[in-house]
1. What pairs come up if the first residue lies in the stretch 68-91 and is farther than 25 Å from L54 by Cβ, the second is assigned to a loop (DSSP other than H, G, I, E, B), and their beta carbons are under 8 Å apart, counting only those six or more places apart or on different chains?
2. From the list A81, A91, pick out the single residue that is modelled with pLDDT of 95 or more, at negative phi and touching a Phe, Trp or Tyr at 6+ places or on another chain (Cβ under 7 Å).
3. Checking G59 against (1) on the phi > 0 side of the Ramachandran plot; (2) touching a residue at least 60 places away in the same chain (Cβ under 8 Å); (3) not charged (D, E, K, R), only one condition comes out false. Which one?
4. Restricting attention to the stretch 25-37, which residues are over 21 Å from N68 (Cα atoms) and either surrounded by fewer than 11 Cβ atoms within 10 Å (Cβ to Cβ) or aliphatic (A, V, I, L, M) (or both)?
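The values are calculated or read from the model by the stated rules, or taken from the named source; none is laboratory data. Since this is a predicted model, take the numbers as computed values, not measurements. Cβ: placed from backbone, ideal geometry, glycine included. Neighbour counts: every protein chain shown.
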Amino acid sequence: MTGSANGSVDGGARTLLRLEGFALLSGAVALYGRAGGDWKLFAALFLAPDLSFLGYLSGGRIGAAAYNSLHSTLGPILLAAFGIALAAPLASLVALIWLAHVGFDRALGYGLKHGAGFGFTHLGRIGRAAKEA
């Protein structure tokens, strides 16, 4: 299946979404640097959202929900707003790291997951799921 038949995009729309991911990554990294963030903190937290993979130990639906909750832009945007509103610079810096991670994954084609399994994303199939298509 391709396109909307399996809940994913293809062609030019997929390319555009991946470019948006790269722009999100680039912008978040640039803002982090401009804000004077500690690059050791950046390195330590950059892959933290991937701990959500552990949700897949409980099955595809729970794994997808766990992954999506930490790979959506909603969480880091809310955290950034909290950081700005309460003058909490650490929260804003963590939000930028989180946004950079989301952008990185999207640029590589790792989209939000479907309950069918890790390889089924809104940006198309990845890994074994792509080879089986």
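1. Correct list of pairs: F82/A88; P89/A35.
2. Working: A81 fails: touching a Phe, Trp or Tyr at 6+ places or on another chain (Cβ under 7 Å).
Just one listed residue meets the conditions, A91.
3. Only one criterion in (1) on the phi > 0 side of the Ramachandran plot; (2) touching a residue at least 60 places away in the same chain (Cβ under 8 Å); (3) not charged (D, E, K, R) is unmet by G59, namely (2).
4. Residues satisfying the conditions are V29, A30, L31, R34, A35, G36.
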